[in-house]
1. Is it the case that Tyr87 is in contact (Cβ under 8 Å) with a residue 60 or more places away in the chain, within 28 Å of Glu6 (Cβ to Cβ) and either part of a loop (DSSP other than H, G, I, E, B) or not basic (Lys, Arg) (or both)?
2. Using the structure shown, decide if Leu58 is closer than 25 Å to Thr104 by Cβ and either in a loop (DSSP other than H, G, I, E, B) or without any contact (Cβ under 8 Å) to a residue 40 or more places away in the chain (or both).
3. Could you check the range 27-43 and list, in sequence order, the residues that are at pLDDT 95 or above and among the charged types (D, E, K, R)?
4. Name every residue in the range 48-73 that is modelled with pLDDT of 95 or more and over 13 Å from the mean Cα position of the chain (by Cα), in order of residue number.
Amino acid sequence: MISSPEFEFCRAQKSDKKAIKRFYRKHSYSASFMGLDSCYLAKDKQEIIACVLHSQLLVENNQSFLHALVVDPAYRRQSIATSLLDYCCAFHPLTVCFAAPKLTSLYLSNNFQLAKPEQLSPLLAKRYLQYIKTKPELAIFIRDMNKHQQSPENKSNK
């Protein structure tokens with residue numbers, strides 16, 4: 001867990017599941033938990049203000065899938081998404097996400113690189129092909145923490 005003077009960043013516990021689902025519903029976001037998911041939170045005085053999911057999909061898969069990054073509108077433009085990405089990606093050395101073009105600057109400024117479908121694991125490539133059937137504009141981003149070593153315990157707060 002990392003705390004800044006204002007916000008706490010942590011990995012969600014089982015006891016947080018109902019609050020996480022409420023947070024996503026409140027922000028009109030449909031997110032579901034899969035078998036090997038980890039959820040990371042930003043909190044302000046115990047209230048969830050941002051959330052993101054990491055799905056490993058398979059135990060042997062070295063690429064994890066980042067999705068459902070949502071920051072409460074009242075807390076946007078305070079580097080919370082950046083801090084949450086730094087925190088959760090430290091636990092997942094090779095992170096992939098699919099995002100709309102309007103989010104390109106967010107991901108590129110957070111050590112992600114634009115990628116091509118052939119750089120994805122077979123499972124994520126299959127998922128990407130499914131997603132672009134309804135959202136053909138989605139871009140692929142990959143963040144390789146092996147190129148940007150930083151453990152969550154040594155991370156400085158922003």
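1. In short, yes.
2. no
3. Listed by number, the list holds a single entry, Lys43.
4. Hits for the range 48-73 are Ile48, Ile49, Asp72, Pro73.
The values are calculated or read from the model by the stated rules, or taken from the named source; none is laboratory data. Quick caveat: nothing in here was measured; it's all calculated off a predicted structure. For neighbour counting, all protein chains shown are included, and Cβ atoms are generated from backbone atoms with ideal geometry for every residue, glycine included.
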